[in-house]
Structure formats: structure tokens, C-alpha cells
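Below is one structure; the comments refer to it alone.
The values are calculated or read from the model by the stated rules, or taken from the named source; none is laboratory data. The shown structure was predicted, so the numbers you read here are calculated from the model rather than taken from an experiment. Every residue, glycine among them, receives a Cβ derived from its backbone with ideal geometry; neighbour counts consider all protein chains shown. With ligands, DNA and RNA removed, areas are computed over all heavy atoms of the protein, side chains included. Shrake-Rupley method; radii C 1.70, N 1.55, O 1.52, S 1.80 Å.
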Amino acid sequence: MARSSTSKDAQDLFHSLRSAYLATPTNLKIIDLYVCFAVFTALIQQVAYMALVGSFPFNSFLSGVLSCIGTAVLAVCLRIQVNKENKEFKDLAPERAFADFVLCNLVLHLVIINFLG
Amino acid sequence: MMAGGGVRFLVLILVVAICGAASVFQPISDSHRSAAVDVFVPVDGSYKSLDEAYEALKALEILGIDKKSDFSSSTCENVVKVLGSSSSTLKDAFYALNVNGILKCKIGEAGPKDIVSQLQAGVKDAKLLLDFYYSVRGLVLVKEQFPGADISLGNAEAIFRSIKALSQSDGRWRYSSSNPESSTFAAGLAYETLAGVISLAPSELDPSLIQTLKKGILKLFDSIQKYDDGTFYFDEKSVDASQGPISTTASVIRGLTSFAASESTGLNLPGDKIVGLAKFFLGVGIPGDAKDFFNQIDALACLEDNKFSVPLILSLPSTVISLTKKEPLKVKVSTVLGSKAPALSVKLTQALSSKSVDSSVINNQELKFDSDSATYFLDSFPKNFDVGKYTFVFEILVDDSAHEKVYITEAQTKVPVAAIGVIGIENAEIAVLDSDIGSVESQKKLDLTKDGEVSLSANHLQKLRLSFQLTTPLGKSFKPHQAFFKLKHESQVEHIFLMKTSGKKSELVLDFLGLVEKLYYLSGKYEIQLTIGDASMENSLLSNIGHIELDLPERPEKAPRPPLQSTEPYSRYGPKAEISHIFRIPEKLPAKQLSLVFLGVIVLPFIGFLIGLTRLGVNIKSFPSSTGSAISALLFHGGIGAVLLLYVLFWLKLDLFTTLKALSLLGVFLLFVGHRTLSQLAAASNKLKSA
């Protein structure tokens with residue numbers, strides 16, 4: 001009884017999450033997709049390659065992983081700032097947030113490329 | 001030319017540094033003459049250019065070598081062609097006239113007139129020093145070679161002044177009024193030119209002009225440089241001058257000689273510097289370069305016969321005196337080119353021994369003159385003249401009876417002389433001693449002048465002693481440079497020991513107990529060899545004394561083995577073992593294919609991202625349509641793309657600095673464009689919101 005209720009609860013939870021998510025505006029969904037893509041790439045680098053082959057050369061490995069994680073973090077920041085339901089950032093224009101995102105990404109990639117060697 | 005000049009300069013310095021303060025300078029001799037034939041006679045019978053031909057022929061003429069007939073025809077053809085054409089340059093005409101002066105080619109009647117008019121036109125139009133030089137000297141040569149031709153320098157004083165205007169206050173000259181750099185070589189050329197002007201002028205020039213020139217000459221002598229052995233020379237001030245010290249000094253001497261010859265009031269130059277200049281050229285030896293050879297010979301010829309002072313050189317054919325042969329010490333005094341000197345007396349004022357520098361062994365000895373060989377000699381040496389190294393100091397006094405020329409010599413000529421003789425060897429004996437007590441077990445007397453057959457035996461507890469006494473011909477004790485004692489084992493292993501000389505005798509004591517390891521524990525028969533040598537010894541010797549049987553203990557485990565003696569004695573000069581360098585092993589990289597596969601795997605999430613985007617229904621509907629904002633939007637995206645492309649280039653080949661420079665430019669551009677685009681977007685969305 002408890003098991004079925006927990007599983008049913010889990011299923012209900014899952015359904016409600018899914019429907020809530022579908023309601024989010026499209027641009028936020030784009031950003032979420034981008035974050036998933038970046039994290040997934042990082043996972044592949046970290047787990048698959050390093051486990052198989054090893055972390056040589058280490059600086060290249062680090063720069064690869066950190067670029068993915070960094071850009072994911074920046075995308076999350078962008079999502080926070082762009083989300084209209086977020087009260088703290090109401091006054092900030094989304095374009096300004098996007099400009100910040102672009103700038104920070106460019107700086108991040110410059111450093112990453114330098115470190116890539 | 002410059003690099004060659006620099007190298008020669010260095011070689012000169014090295015040679016002089018080795019010579020030191022006392023050195024011998026030899027006048028020009030037959031070795032110079034035979035070298036001159038090699039340097040100056042052209043291989044294929046003709047010279048490449050007229051200036052080369054002139055230098056070679058002049059040098060051969062000064063040295064008295066007559067090879068003119070071999071190649072005079074081809075050179076004369078060239079000379080006639082140049083002097084006949086009206087379009088030859090002043091430089092070619094000048095050298096052609098010079099060559100003609102030596103070879104005396106047949107020019108013909110019309111030749112001189114063309115050349116004269118060309119040279120006179122050259123003098124009128126000349127602005128540069130070299131133009132003045134070629135034209136004026138050319139006219140002087142025409143006057144010498146064609147006595148009938150009518151040469152006169154119309155405006156001699158004006159020409160004099162315009163040449164003088166190029167001079168500097170330190171005695172040097174500039175090549176042209178537009179070039180501020182002054183050169184000592186140019187000063188020599190200027191003095192030759194001015195001498196030519198003075199000799200061609202129809203009337204006497206203003207004596208004050210000539211006086212200022214003489215002051216300028218003394219100023220030029222202030223810039224003379226010297227080496228430690230008393231040679232003087234002129235050199236250019238700037239490091240990258242095209243003329244080295246030999247050509248610069250030769251040019252100055254040529255200029256001074258022609259200037260002194262052209263005017264009648266006489267030129268007073270410091271005598272020691274003239275002798276120093278002569279020694280500089282003699283110290284060069286035999287130059288390998290044709291230009292240096294010519295400059296050397298030409299300058300020496302000017303010094304040999306000039307109006308100010310003629311230097312005389314003292315030289316010794318042999319600087320070694322043998323006390324046993326009792327030959328006299330010979331000294332030659334001659335001019336720089338080797339011709340006879342006038343009547344003079346040579347005195348040996350001092351003979352300073354290297355051992356006691358202050359007291360002199362010989363004092364104020366006059367040398368006798370042998371007129372057959374034109375040498376001065378000293379045949380008697382005092383009783384206390386021992387073997388060794390000496391510095392002889394000579395003084396020359398020229399007889400002041402009426403000479404046409406003024407002769408000048410060095411105040412004191414210092415010459416290093418070595419005295420050698422037979423060294424006596426006495427009380428030579430070899431003995432084997434018992435180590436602790438010091439008593440003699442066996443002792444043998446030696447005669448070191450011939451190989452002996454001494455046979456000794458010793459064991460490792462004993463000592464070997466060798467001693468002898470060396471005395472000079474005067475009975476003083478002598479310390480040789482080399483006194484070596486060699487033991488050679490049957491297996492060719494050799495050991496060399498140095499004899500110690502102290503006080504009266506030379507001695508060596510070998511304690512076998514301490515030497516056991518050095519001798520590699522090899523017992524057996526050793527040959528004994530003694531070497532005594534010295535520069536002052538006429539009877540240096542190397543004698544095999546005999547054998548010694550050595551009985552040494554057994555070799556322990558860790559003792560070093562004797563080195564392998566190669567059978568071929570010269571194999572030590574053969575190739576050595578090859579050195580194999582160990583480089584850093586490059587890191588093990590993963591296989592190339594694996595990396596490529598992984599690259600493909602990485603691209604997969606990106607494709608997934610794109611697919612996801614399309615599923616979400618991404619569109620670019622809000623891309624601005626009006627042209628202004630469309631352009632800025634395009635530029636914005638283009639700018640971002642350019643920055644990313646820059647990063648790729650940075651990874652591939654650029655470095656951080658160029659990247660940062662490019663990035664700053666692109667960044668500023670991007671900032672403007674992005675600001676415009678985004679503000680337009682913001683304005684558009686605001687309008688939508690409010691509308």
C-alpha cells in the first residue's frame with residue numbers, strides 16, 4: 001500500500017512537474033536546453049574520456065571541462081535574470097542580461113583557449 | 001673589406017701583444033720580394049682594373065723586381081684606350097696616367113691634349129675632395145710625363161682655398177662639404193692634392209696659407225695612436241670606417257711626403273713618431289692582401305726618401321749568442337727598404353740580464369764596423385757573461401757630417417738576446433736506499449752523456465735516489481727548465497717524475513712504499529730514462545740510464561688497473577668514442593584515431609542541442625526587419641562570430657599579445673554594435689508592452 005502510494009506520489013509529482021515546466025516561456029526553455037547540452041558535454045569529457053584514456057594533457061582536460069561548466073553557470077545566471085517571475089531582477093532589461101552573458105562568455109573562452117595550450 | 005680589415009687589426013694587436021716591449025724589426029728583405037712576385041703578378045697575364053695594375057706595378061718597381069715585359073702590352077692597351085677616350089672618368093684617367101708613368105706606353109700626340117683639357121675642366125668643376133685629388137694629381141703626372149704639354153693652374157689660390165675649406169680643426173678632412181664625417185685617410189689625399197696645387201701654381205702662393213697647413217699637420221699628429229712596442233699609426237675615428245690602419249697611415253705618409261717635396265721651407269715632424277711609423281709598417285710582416293702590401297711598400301718608399309727625416313732601422317740577423325762557438329754578435333743598420341745607411345756608430349749601452357734587471361753586464365761597448373758585409377759586430381764578451389736571457393740596449397749615433405737627408409733613429413733599441421752554452425753535469429749518481437734507516441744499499445755513479453747499463457733492484461720498502469749537479473760555463477749552479485725521470489715497465493706503462501732543483505744540486509727521491517698504487521702494483525723490470533733540457537743549454541740530453549727490478553706486493557681487489565696501452569702510439573689522436581645523447585622521451589600520446597573518435601562523440605551533444613531547439617520551435621521572428629537595425633543586428637552576430645574565429649586562430653597559431661590587441665579592437669566594435677542592437681530590441685519590446 002505504502003509502496004504503491006509512494007510510486008503513485010512519485011508519478012503524480014513527475015506529471016505535475018512536467019506540466020508546470022511546459023508552461024514556462026520558450027526562451028527559458030532554450031536556456032535550459034543549452035545548460036543541459038553544456039553539462040552533458042562536460043560529463044562525456046570527464047567520465048568517458050578520462051576514465052578510458054587518462055587526463056593527459058592535464059591543462060587541456062581542465063580547460064575543456066571548465067569551459068563547459070563555466071558556460072553552463074553563465075547560462076543559469078542568464079536564466080535567473082531573464083525570468084519575469086523573479087522579483088529581484090524586474091528592473092533589469094533582458095537584453096542587458098543577454099549582453100552580460102555574451103561578454104562573460106567571451107572572456108571565459110579567451111581564458112580557456114589560452115589555457116588550452 | 002671591412003671584416004678583413006677588422007681581422008687584420010686584431011691579428012696585429014695579438015702579434016704586438018706577444019712581442020712586448022723589446023722586439024726586433026727587420027727591414028724589407030728578399031722574402032718580401034719573393035712574396036711580392038706571388039701577390040702582384042697576375043695569374044692570367046692581365047690586371048682586372050687600372051688601379052690594381054698601378055698598385056702592383058708601383059710595388060714591383062719599388063722592390064726592384066722587373067716583370068714588366070710579361071704583361072705590359074695588355075695593360076698598355078687599356079691605358080691608351082682610357083687616355084684616348086673623352087668619356088673616361090677622372091679616376092680612370094688618373095690611374096691610367098700612373099700606370100703610364102711606370103710602363104711608359106706609347107700614347108701618341110693627340111692623347112695628352114684631350115686628357116689635359118678633361119683634367120683642367122675637372123679641376124674647375126670639382127666640388128668633392130676626390131674630384132680635386134684625381135684632377136690635380138692627374139695634371140701633375142701629365143706635367144712629369146709629357147714635358148711639352150702646357151699645364152698651368154689658372155686660379156691656384158682659389159683652388160687651394162676651396163680644398164682647404166673641407167678641412168676640420170683636428171687636422172682631418174671631409175670628403176665633401178655636405179658630408180660632416182671627417183677622415184684621416186682623406187687628410188692624406190688632401191695633402192697630396194695641395195702639394196700638387198703648389199707645384200702647378202704659376203707663382204708662389206701666399207706663405208700664410210702654407211703655414212696654416214703646417215699647423216694642421218701637427219694637429220693631425222696629435223691624433224696618432226701607438227702600440228706598446230713603440231710603433232705609431234694613424235687610424236680612423238669611427239669604428240666602421242672603410243679604411244684600416246695600414247691604408248690610412250700610408251695615405252697620410254704619402255700626403256706628407258709630397259707636401260714636403262713641393263714646398264721649399266721645410267717640414268719639421270717629430271722624429272720619434274716617424275721612426276714609430278716606419279716600425280709600424282715593418283712590423284706588419286708580409287701582408288697577404290694586395291692592397292695592404294702596396295700600401296706598406298709605398299709608405300716605406302716614401303719614408304725612405306723624403307724631405308723631413310729618413311728613419312734607420314737596427315736589426316739583428318741572429319739573436320742567439322753561443323758561448324762555445326765564440327762567434328761575434330752581428331748588428332745591421334739600414335733604411336727601411338734595406339739600402340745602405342750613412343756613416344754612423346753603434347754602441348751597446350747595456351746588457352740587462354733577465355735574472356738581475358738593474359745591473360748590466362756590458363756597459364757602453366762600441367761595435368766595430370765591417371765594411372764588406374756592412375754589419376757592426378761585437379766580438380769580445382766580458383768574463384762574467386753567462387748563459388741566459390738578456391735584453392741588449394743599443395744606441396745609434398749618426399755622423400753629423402753634411403748629408404742631404406736628415407736621418408733619424410730610435411733613441412734606444414731594445415733587443416732580446418739569448419746566450420747559450422754547454423752546461424756541465426757532475427756528480428751524477430743513482431742509489432737504492434733502505435727507507436727507514438736511510439742507509440745506502442747500492443749506489444752507482446753515472447755518466448749521463450752516454451746511455452748506461454746500470455742494473456738495480458729494489459722492493460717496495462726501499463727508496464730510489466737520483467742526484468746530479470749542473471753548472472754553467474762560468475761555474476754557477478744551473479736550474480734547468482726540464483728535468484724528467486721516466487720509469488717504463490715491460491708492459492709499456494710509463495710514469496714520469498719531476499726532479500727537484502734546490503741550491504746546488506738536482507735530486508729526486510722515489511719512495512716506493514707510497515708509490516705502490518701509482519705504479520699499479522706492477523712488479524718487474526722498469527727502464528730508467530732521464531731527460532734534461534733548457535733553452536740556454538746546448539747539450540740537452542735524453543739518456544737511458546739502465547734498468548731497475550722492482551718487487552711490489554700483489555694487487556688487492558679494489559686497486560685500479562693499469563690503463564690499456566695501445567700498440568699504435570698515435571691512436572690517441574684517432575677518433576674518440578661516440579657520445580649518444582639522451583633526449584627527453586616525448587610523452588605518450590593517445591592514439592590519433594581515439595582522439596578523432598572522441599571528437600565525434602563530443603559533437604553529438606551539440607547536435608542534440610540543435611534538435612532540441614527545433615523541437616521547441618525556435619524561430620528568429622523577432623529579427624528586426626528595418627534595414628538600420630537589421631544591419632546592426634547582423635554586425636552584432638558577425639562580431640561575435642569574428643571573436644570566436646579569433647579565438648580559434650589564437651589556439652592555432654597566434655600568441656596572447658596579438659590576440660589581445662585584435663580582441664580589444666573587435667571588442668570595442670562589438671560593444672557599439674551590440675549596444676545599438678540590444679537597445680533597439682529593448683525599444684521594440686517596450687513599444688509592444690506599452691502598445
Scan region B:382-394 for residues that are surrounded by fewer than 18 Cβ atoms within 10 Å (Cβ to Cβ) and closer than 15 Å to residue B:319 by Cα and report the count.
-> 2
Selection status of residue B:571, part of a loop (DSSP other than H, G, I, E, B) and either more than 11 Å from chain A (Cβ to nearest Cβ) or at pLDDT below 85 (or both) = no
Restricting attention to region B:258-280, the residues that are closer than 24 Å to residue B:55 by Cα and open to solvent by less than 20 Å² (accessible area, probe 1.4 Å) number exactly 7
Filter result (more than 9 Å from chain B (Cβ to nearest Cβ), without any contact (Cβ under 8 Å) to a residue 24 or more places away in the chain and either more than 30 Å from residue B:686 (Cα to Cα) or of a type outside the set (S, T, N, Q) (or both)) within region A:85-117 | A:85, A:87, A:88, A:89, A:90, A:91, A:92, A:97, A:100, A:107, A:111
Given the residues A:78, A:66, A:62, which is the only one that is out of contact with any Leu (no Cβ under 8 Å at 6 or more places or on another chain), more than 12 Å from every other protein chain (Cβ to nearest Cβ) and open to solvent by less than 40 Å² (accessible area, probe 1.4 Å)?
-> A:78
Flagged in region B:379-393 as in a strand (DSSP E or B) and either touching a residue at least 40 places away in the same chain (Cβ under 8 Å) or among the aliphatic types (A, V, I, L, M) (or both), in numbering order, are B:388, B:389, B:391, B:392, B:393
Inside region B:509-542, can you point out the residues that are in contact with a Leu (Cβ under 8 Å, 6 or more places away or on another chain), crowded, with 16+ Cβ neighbours inside 10 Å and part of a strand (DSSP E or B)?
-> B:510, B:526, B:528, B:529, B:530, B:531, B:532
Within region B:647-663, is there a residue that is open to solvent by 70 Å² or more (accessible area, probe 1.4 Å), farther than 18 Å from residue A:100 by Cβ, away from chain A (no Cβ under 11 Å) and in contact with a Ser or Thr (Cβ under 9 Å, 6 or more places away or on another chain)?
-> no
Helices (runs of 4 or more DSSP H) wholly inside region B:63-167 containing at least 3 residues that are under 30 Å from residue B:180 (Cα atoms) | B:90-103, B:110-125, B:129-145, B:156-164
In the set B:254, B:174, which member is of a type in the set (Lys, Arg), open to solvent by 20 Å² or more (accessible area, probe 1.4 Å) and farther than 28 Å from residue B:311 by Cα?
-> B:174
